[in-house]
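Undergrad: Got a structure for you, written out below as structure tokens; questions coming shortly.
Laboratory data are not the source of any read-out in this text; all were calculated from the coordinates shown. Bear in mind that the values here come from a model prediction, so they are computed numbers and not experimental data. Cβ atoms come from the backbone with ideal geometry, glycine included; neighbour counts cover every protein chain shown.
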Amino acid sequence: MNGGKAVVGAVAAPFVAVFVLLLVVTVVLGPRAAAGDPDCPVSADVLVDAGGSTFVDKGGAANAWGGYSNGRIPLSELCAIPWAPRELLRCDATAALEVLNGAFRADFGGDLAVSDGYRDYDRQVATKKAKGVLAATPGTSNHGWGLAADFASNVNRYDSAQYRWMKANGARFGWFHPTWAEPGHPDYAKPEPWHWQFVPGTATQTEPGACLGGNRDLGAAAAAERGWTGSQWTCLEQLWTRESDWNHLAQNPTSSAYGIPQALPGSKMAGHGADWQTNPATQIAWGLDYIAGRYGTPCEAWAHSEQTGWY
Ligand SMILES: [Zn+2]
């Protein structure tokens, strides 16, 4: 980073932002014991409340991706859900849901029924006519980004074992229930137990037996390409845990630092990709270049952070 000034956020601030954004109370450890779960550590990226996979939905524009408009995603960018082939989602959301479905099947003996996935603009208009206040204004639905799904299989009942299972396990696969549909939550607005959203970059379990997909895993793979394994990886892991807890949506409330490496300002990362606000891989690539250019190695950056609180 240019200018030789203190460039990265202070120790505690990113965690405050995470609290505000995601209502962190604690990292759920219970799901680790769920059926079919190998020894995958629950990544601290997945920050949910003690009740399960709940997150604050930041709304339509925050979910935008790829330069597309809501409800106008090219079908080539979407993947059908294998057991509900008429329903489409963004391909990473479908992949994560497939893994989730494997765990769901193991516990309940059947597929997790999907009643609605991607909803193009015309279908949003039709849904608004049919459902009124329960449906989003056309052009703003989270279904229009291919990142939301409505489930049946009793997940559509707040008092069901299946709903509780989703609350306990969804986060492992990057699937969250928005606080606006969470009874008793201050954000509560609409009774939609069936509506769940995929939050890219948060899954800790992306295929059976594997532990890939979390932001730390992405970081470890990218660092290894530079030979930063072993103690260098440990330094990097500690550094970005301090900065952002590896949350690619982390904002610093007292500066414009943003993302996993807490780039200041976040837009500095644009040189590594126009998707710097939402793509953890872009942020990681920028951060590794920054560390290499300024400090040489993650352990040099960590040592500086230990002395000064920033890097
Ligand atoms: Zn929905």
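Undergrad: What ranking do 163-171, 133-141 get when scored by the average of other Cβ atoms within 10 Å per residue, highest first? Spell out each step's value before the answer.
TA: Values: 163-171: 23.2, 133-141: 15.7.
Highest to lowest by the protection proxy: 163-171, 133-141.
Undergrad: Too long at a 20 Å Cα-Cα cut-off: which of LYS167/LYS190; LYS129/LYS167; LYS129/LYS190; LYS58/LYS190; LYS58/LYS129?
TA: Working: LYS167/LYS190 17 Å; LYS129/LYS167 30 Å; LYS129/LYS190 17 Å; LYS58/LYS190 15 Å; LYS58/LYS129 24 Å.
From LYS167/LYS190; LYS129/LYS167; LYS129/LYS190; LYS58/LYS190; LYS58/LYS129, over 20 Å: LYS129/LYS167; LYS58/LYS129.
Undergrad: Treating only the Cβ atoms of Lys and Arg (+1) and Asp and Glu (-1) as charged, compute the dipole magnitude of the stretch 212-308 about its Cα centre; round to the nearest 20 debye.
TA: Values: 5 positive and 9 negative charges, 27 e Å.
Once rounded to the nearest 20, the dipole reads 120 debye.
Undergrad: Taking the mean number of other Cβ atoms within 10 Å as a proxy for protection, how do you rank 263-271, 65-73 from highest to lowest?
TA: Numbers: 263-271: 18.3, 65-73: 15.3.
Result, highest mean Cβ count within 10 Å first: 263-271, 65-73.
Undergrad: Give me the percent of DSSP beta bridges within the stretch 46-198 that run antiparallel, rounded to the nearest 5. Show your work: numbers first, answer last.
TA: Working: 12 of 14 bridges.
Here the share of antiparallel DSSP bridges comes out near 85 percent.
Undergrad: Tally Lys and Arg at +1 and Asp and Glu at -1 over the other residues with C-beta under 14 Å from the C-beta of GLN124: what net charge comes out? Don't jump to the answer; show the numbers that get you there.
TA: Details: positive: ARG72, ARG119, ARG123, LYS128, LYS129, LYS131; negative: ASP116, ASP120, ASP122, ASP150.
Here the count lands on +2.
Undergrad: Next question, about the same structure. Which value in nm describes the separation of the simple spin-label points at THR241 and ALA189, placed 7 Å from the Cα toward the beta carbon?
TA: Label at THR241, label at ALA189, 3.6 nm between them.
Undergrad: Another question, if that's okay. Percent of Cα-Cα pairs per 5 Å bin, from 0 to the last occupied bin, for the stretch 212-308, please list those.
TA: Whole-percent P(r) values from 0 Å outward: 3, 15, 27, 28, 20, 7, 1.
Undergrad: Another question, if that's okay. Give me the lysines in straight-line cross-link reach of LYS268: C-alpha distance below 17 Å, same-chain residues under 8 apart excluded.
TA: Hits, sequence-local ones excluded: LYS5.
Undergrad: Do you know the relative contact order of the stretch 194-305, to the nearest whole percent, from alpha carbon pairs under 8 angstrom that are 6+ apart?
TA: Working: 147 pairs, mean separation 24.6, N = 112.
Answer for the stretch 194-305 is 22 percent.
Undergrad: Would you work out which of GLN283, GLY266, HIS304 lies farthest towards the positive end of the dipole of the stretch 212-308, given +1 charges on the beta-carbon of Lys and Arg and -1 on that of Asp and Glu, about the Cα centre?
TA: It is GLY266, whose Cα lies furthest towards the positive end.
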